[in-house]
Every structure is written in structure tokens, then in C-alpha cells.
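The block underneath contains the structure these notes are about, expressed in C-alpha cells.
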Amino acid sequence: MKAATGRFLRLPAFSVVLAVACNGDQSVSPPNAGPSMRGSAATMGAALVPFSNGDVIHACVLNSGLVKVVGEGETCPAGQTALQWNVAGESGVSGYEVVRADFEVAAGGFLREFLACPAGKVVLGGGAQVAGEGTANFHTVLQESTPATLGGGAQSGWLVAIRNDDTAAHTIAVSATCASMS
């Protein structure tokens, strides 16, 4: 195995990244940056690259925008800017789930219900429907359907208010789409 020299990447670890190797001293842009390879001899493919500092990739960016991956602790030459990013990527949404609860609403009855997300999750959306009766005019009137919180924002969920103007009882399914945000 060859150590990182500016043109080669070490390969003895298990983290997969897209790597580019060039003959000579040419650099290349990341694959989504378009056709900006210089020179005629370049190869692109997957490589295993070691990460010893919390899975952080270190690179130098030339004024032209070309990026060269470097080893941890290596300084970028004059005219280049140091860049680092986390292998795990940006924070975002995880643990997506839909929670649902069914409520029986009597003829002429009214339902106003808060459906809570599991602890630590926030609501992304929600709603209500007449459940298990097919498609028809059920003479129900949706009066509220909105994201809401309880306890000063401690509990996130979906709030529904629905009136049953029918002569028969209906099962109303309230649902909330919840996820963890990081």
C-alpha cells in the first residue's frame, strides 16, 4: 500500500468513498462537478480510505475549484483552501413513522383529539379520515387538522377536530407522520 502523497489514497481501512487517481500532477473535480478533468489519463472508481479523526475527510481546494483529498494534518499549499467534511453527511430526518389511533364518533357527535408523536420525535404531517367504510358522503365535517404541541412544546403531534352530522356512528382514524430531527 502506498501512503497518501497528494496523488494516492491509502487503502487499508473500510470506509468507502469515491476516489480519483491521475497520472502526473493533474487534479480532478468531484464527479458531480461536470467534465472538468485536466489531462488525458484519469481513472475514477470506488476506493477504501482510512478515517482516523471521527470520519472526517480532509481536502485542498484550488482556486479553479478542483478538489484534492489529503491526509489528516496535511496543510494545503499557498493558493489552496483547506476543506473538510463529515463522512456521515448533513443532519436531517431519521426514524420516520406514522402513528394512528381510531376513535368512535357517535351520530351527531364531535371529536377533538391530539395524537402525540413518540418521545423525541416531531410531527411532519397528519390528518383524519373515516376508516373502514369505503367511499361515500359520511356527513362528517373536518373543523381542525393542524400540527400542535403540548407542554410548552415538549410533546409534538397532530390535532384534529371533526363533527359527525350523520345518523350513524363512524370510526375516525387520526394519523401523524413523525420523525427524529438532528
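The values are calculated or read from the model by the stated rules, or taken from the named source; none is laboratory data. Small disclaimer: the values here were computed from a predicted structure and weren't measured. Heads up, the Cβs are rebuilt from the backbone with ideal geometry, glycines too, and the neighbour counts pull from every protein chain shown.
Just for the range 148-181: of the residues that are in contact with a strand residue (DSSP E or B) (Cβ under 7 Å, 6 or more places away or on another chain) and loosely packed, with under 15 Cβ neighbours inside 10 Å, which one is farthest from Phe110 (Cα to Cα)?
Only one residue fits best here, namely Met181.
Starting from the range 49-67, take each residue that is in the same structural domain as Thr81 (by TED's automatic domain parsing) and part of a strand (DSSP E or B) and list its partners that are at pLDDT 80 or above and of a type in the set (Ser, Thr, Tyr), counting only C-beta distances under 9 angstrom and pairs at least six apart or across chains.
Cys60/Thr75; Cys60/Thr81; Val61/Thr81; Leu62/Thr81
Do we find that Phe51 is among the aromatic types (Phe, Trp, Tyr) and modelled with pLDDT of 95 or more in this structure?
Taking the combined requirement at face value, the residue does not satisfy it.
State all residues of the range 124-147 that are within 26 Å of Gly108 (Cα to Cα) and among the small types (Gly, Ala, Ser); if no residue qualifies, say none.
Hits for the range 124-147 are Gly126, Gly127, Ala128, Ala131, Gly132, Gly134, Ala136, Ser145.
Residues that are touching a residue at least 60 places away in the same chain (Cβ under 8 Å) and in the same structural domain as Thr171 (by TED's automatic domain parsing): find the strands (runs of 3 or more DSSP E) completely inside the range 107-161 holding 1 or more of those.
Passing ranges, in order: 110-116.
Evaluate the range 102-112: report whether one residue or more is within 29 Å of Ser182 (Cβ to Cβ) and of a type in the set (D, E, K, R).
No, because not a single residue in the range 102-112 is within 29 Å of Ser182 (Cβ to Cβ) and of a type in the set (D, E, K, R).
Test of understanding: among Thr135, Thr140, which residue is modelled with pLDDT of 95 or more, over 30 Å from Ala59 (Cβ atoms) and among the β-branched types (Val, Ile, Thr)?
Step by step, each of Thr135, Thr140 is checked, and only Thr140 is modelled with pLDDT of 95 or more, over 30 Å from Ala59 (Cβ atoms) and among the β-branched types (Val, Ile, Thr).
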